[in-house]
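First comes the structure, then the notes that go with it.
The values are calculated or read from the model by the stated rules, or taken from the named source; none is laboratory data. As the structure is a computational prediction, the values presented were derived from the model and not from experiment. Backbone-built Cβ (ideal geometry, glycine too); neighbour counts: all protein chains shown. Heads up: the accessible areas ignore ligands, DNA and RNA and are worked out on the full protein's heavy atoms, side chains in. Shrake-Rupley method; radii C 1.70, N 1.55, O 1.52, S 1.80 Å.
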Amino acid sequence: MRGLTRVRREAIEQATRIYVEFLAAMGLGYSEPLGCYTVPMYDSDMRICGMSTRRIDGRKAAIKGSRQGVYAVCRPRAGTVLLCEGATDTAAMLSLGYSAVGRPSCRGGEDILVEWCQGLDAVIVSDSDSAGRSGAEILGQRLRRDARSVRIIEPVACKDAREWVTTTATRTLVDDVIRQARPL
């Protein structure tokens, strides 16, 4: 967590309402020249291919020259993996104890996720907007051929996974929503 002072950690936690340790597991840092925190994006071999930035006010971007990848702690190898939209949504699901990988946008990282989810149970956590739903459906159709199973869930009465976890979601609730989702 290079460059993250106690004050910056507290500011990130206050802004995201997610414990910094879950973002740190994905490689969280701070760029003094840019005045924002950074989260690396990984390619299919878990090499950093890009760096996303986020200001405390929520504005997002990527460092010039970055290629889109995914947000991850590691490549999932077995079981169930939740596929989220964004670094903070991914950190939110990690905080509930899930194996989670994040996309940089509702259509980003698809090729990596298709490769990584071969033989796994994939649960796409859609944002609660038309772009999020459309992106989740497209990803779901792409995953159907190689994943062991594919389900799409949407946060209950929230805009995204981060809001859901910081307001009402528990591991039990999310597990119930996953069980009730129809397989694609």
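Listing for the model above:
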quantity: Criterion: touching a helix residue (DSSP H, G or I) at 6+ places or on another chain (Cβ under 8 Å), among the charged types (D, E, K, R) and touching a residue at least 24 places away in the same chain (Cβ under 8 Å) - qualifying residue of ASP121, ASP127; calculated: ASP127
quantity: Residue in the range 143-151 that is within 17 Å of ALA181 (Cβ to Cβ), open to solvent by less than 10 Å² (accessible area, probe 1.4 Å), aliphatic (A, V, I, L, M) and over 13 Å from the mean Cα position of the chain (by Cα) present; calculated: yes
quantity: Check on ALA61, at pLDDT below 95 and among the aliphatic types (A, V, I, L, M); calculated: yes
quantity: The range 153-172, subset without any contact (Cβ under 8 Å) to a residue 60 or more places away in the chain and aliphatic (A, V, I, L, M), residue farthest from VAL123 (Cα to Cα); calculated: ALA157
quantity: Within the range 103-141, tally of residues that are open to solvent by 30 Å² or more (accessible area, probe 1.4 Å), under 13 Å from ILE152 (Cβ atoms) and aliphatic (A, V, I, L, M); calculated: 1
quantity: Within the range 69-123, tally of residues that are within 21 Å of ASP146 (Cβ to Cβ), at pLDDT below 95 and under 10 Å from the mean Cα position of the chain (by Cα); calculated: 0
